[in-house]
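First comes the structure, then the notes that go with it.
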Amino acid sequence: MRKTVFPCLMAAFVLLMSLVLGRNALNGSGVHGTAEAVSKGLRTPDITAWETGVNNTLDKNHAFINVYGAIQRLLGKRLVEDPAGYPVAKLSNGQLTFAGNDVLVEQSDNAANLERLNRELAQSGIPLLYAVAPTKLTNPAATMPSGVPDYANEMADELLSMLSGKVDTLDLRPAFTGAGPENGYFFRTDHHWTAQGALLGCGVLTRALGEKYGFPVNTQALELSSYNVTTYPGLFLGSQGKRVGLYYAGRDDFSVLSPNFKTSFTYTYDNLETPRAGTFDEALCFPQWLNDDYFNGNCYVYYSGGDWGRAEIVNRLNPEGPTVVLIRDSLSCALAPFLAIQTGRLITIDLRAYPGGLVEELRALSPDLVLVLYGANDCKNAEVFDFFKLPA
């Protein structure tokens with residue numbers, strides 16, 4: 001009996017989804033307008049509430065992703081394969097992560113590149129700091145599905161060990177050891193930290209810069225109480241959620257942090273002819289990204305506007321503050337605006353979109369510090385450690 005019931009249930013489910021897809025094709029309706037029902041179904045483990053979400057109208061342009069994810073959730077799958085090569089795992093605490101760190105990449109090349117960069121900069125009297133940002137798996141309570149390894153933290157540990165005594169390093173991960181979903185430091189459906197997580201990371205980083213290099217620290221700006229927090233419920237479907245759909249992933253709330261103290265910046269970045277100028281909110285934030293276009297939008301880049309190859313923030317209220325060059329990955333979209341409060345001038349460089357000639361530019365800038373800040377996940381990515389690429 002049990003052998004025939006499950007296939008029948010699955011056949012009925014697929015038929016139901018097909019009818020919904022057909023209705024979408026005819027009516028052109030989308031996911032909008034179903035927020036309450038979908039949100040309730042996605043935020044609770046109750047199967048009745050979940051079915052309510054599934055039976056609401058699907059996004060016509062991504063219906064098959066949503067249906068596929070819904071079936072995976074119905075089957076209780078914690079690893080969802082992806083034809084584009086981005087499989088998604090559900091951690092033991094309910095958060096999602098990419099299952100792409102299953103190969104242990106030896107770190108000697110990355111260490112050698114950082115040591116060489118340190119030597120090159122030392123010739124011009126420029127200090128270098130390499131810092132490691134956390135992943136969701138920094139929390140020991142967050143574990144991968146059985147049989148699915150993740151070596152990001154092991155690779156980061158190896159790289160830090162190789163650099164010990166040779167290059168200044170900073171590990172942000174201990175501050176996030178207990179950071180589970182309830183802390184709100186990471187999105188559940190995305191690989192980035194939230195603004196609250198970025199602010200915490202900035203606090204650890206800024207205080208270390210004060211201790212190591214004597215930089216002034218604006219402690220007020222590192223406290224969450226110094227910001228007005230506006231939360232948009234269910235606004236964000238992150239990078240992992242986009243791979244598995246709304247009915248597997250759910251949606252994240254998105255928080256906007258606005259300083260309740262005086263700020264003034266100018267901000268320039270790739271191909272921008274006229275600098276953005278104004279307060280933190282006006283110059284460094286991009287409200288056009290605050291929309292519920294779940295699959296095509298990206299609320300995360302509300303902060304900084306995107307992964308620019310080169311960007312520059314000038315703090316007009318701190319003209320005597322230090323000049324810092326931040327060699328960054330996408331985690332710094334959220335972190336850079338908060339770090340800019342602590343500096344006089346912050347130049348950010350993303351090597352994935354940078355034309356080359358980094359060392360020459362660093363020497364010309366002669367900053368007070370070059371900071372390389374990468375998430376532990378990036379230890380497998382040789383591209384972001386290629387500091388010596390020549391201009392095209």
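Measure off 7 Å from each Cα along the Cα-to-Cβ vector at S124 and D386, then give the distance between these two points in nanometres to one decimal.
2.1
Is the shape of the stretch 129-237 rounded, prolate or oblate, going by the alpha carbon gyration tensor and its root eigenvalues a ≥ b ≥ c, with a/c under 1.5 for rounded and a/b larger than b/c for prolate?
oblate
When ranked by the protection proxy of mean other Cβ atoms within 10 Å per residue, highest first, what sequence do the peptides 316-329, 79-92 form?
Taking the mean over residues of other Cβ atoms within 10 Å, the ranking is 316-329, 79-92.
Spelling out what I want: for every residue of the stretch 220-234, take phi, set θ = phi - 60°, compute 6.51 cos²θ - 1.76 cosθ + 1.60 (Karplus), and round to whole Hz; glycine and proline get x.
Along the stretch 220-234, the couplings run 4, 6, 9, 9, 4, 5, 8, 10, 7, 10, 10, 10, 9, x, x Hz.
With θ set to phi - 60°, apply the Karplus curve 6.51 cos²θ - 1.76 cosθ + 1.60 along the stretch 275-287 and write out the HN-Hα couplings as whole Hz, x wherever there is a Gly or Pro.
x, 6, 9, x, 6, 3, 5, 6, 8, 10, 10, 10, x
Which of the peptides 138-145, 371-378 is most tightly packed, and how do the rest follow, judged by the mean count of other Cβ atoms within 10 Å per residue?
Top to bottom by mean Cβ count within 10 Å: 371-378, 138-145.
Hey, can you grab everything whose amide H is under 5 Å from the amide H of G357? Only 5+ residues off in sequence or another chain; H modelled, so Pro and N-termini drop out.
Here the answer is K389, L390, since their amide H atoms fall under 5 Å of that of G357.
Please state the shape class of the stretch 108-385: rounded when a/c is under 1.5, otherwise prolate if a/b exceeds b/c and oblate if not, all from the C-alpha gyration tensor.
Judged from the Cα gyration tensor, the stretch 108-385 comes out oblate (a/c at least 1.5, b/c at or above a/b).
Mind listing the long-range amide H neighbours of R310? Cut-off is under 5 Å, sequence gap 5 or more, other chains count too, H placed in the peptide plane at 1.01 Å from N.
For R310, whose amide H was placed from the backbone, the distant partners under 5 Å are D270, D350.
What is the sum of charges around R207, taking Lys and Arg as +1, Asp and Glu as -1, for the other residues whose C-beta is under 14 Å from the C-beta of R207? Show your work: numbers first, answer last.
Details: positive: K212; negative: D171, E211, E223.
Taking every other residue near R207 into account, the sum is -2.
How much length is gained on full extension from D270 to F286, taking 0.36 nm per residue of separation minus their Cα-Cα distance?
My answer for the length gained is 4.2 nm.
Once amide H atoms are built 1.01 Å from N in the peptide plane, which residues 5 or more positions from L79, or in another chain, come under 5 Å H to H?
K90
Taking 30 Å as R0, compute the FRET efficiency from the Cβ-Cβ separation of Q220 and E182 and round it to 0.05.
0.70
When ranked by the protection proxy of mean other Cβ atoms within 10 Å per residue, highest first, what sequence do the peptides 267-275, 188-196, 249-257, 208-216 form?
My ranking of the peptides, most packed first, is 188-196, 249-257, 208-216, 267-275.
³J(HN,Hα) across the stretch 243-255 via Karplus (A = 6.51, B = -1.76, C = 1.60, θ = phi - 60°), whole Hz, x for Gly/Pro?
7, 10, x, 5, 7, 8, 8, x, 10, 9, 5, 10, 10
Each reported figure results from applying straightforward, stated rules to the coordinates on display, with no laboratory input. Predicted model, so just to flag it, every value in this text is computed and none were measured. Heads up, the Cβs are rebuilt from the backbone with ideal geometry, glycines too, and the neighbour counts pull from every protein chain shown.
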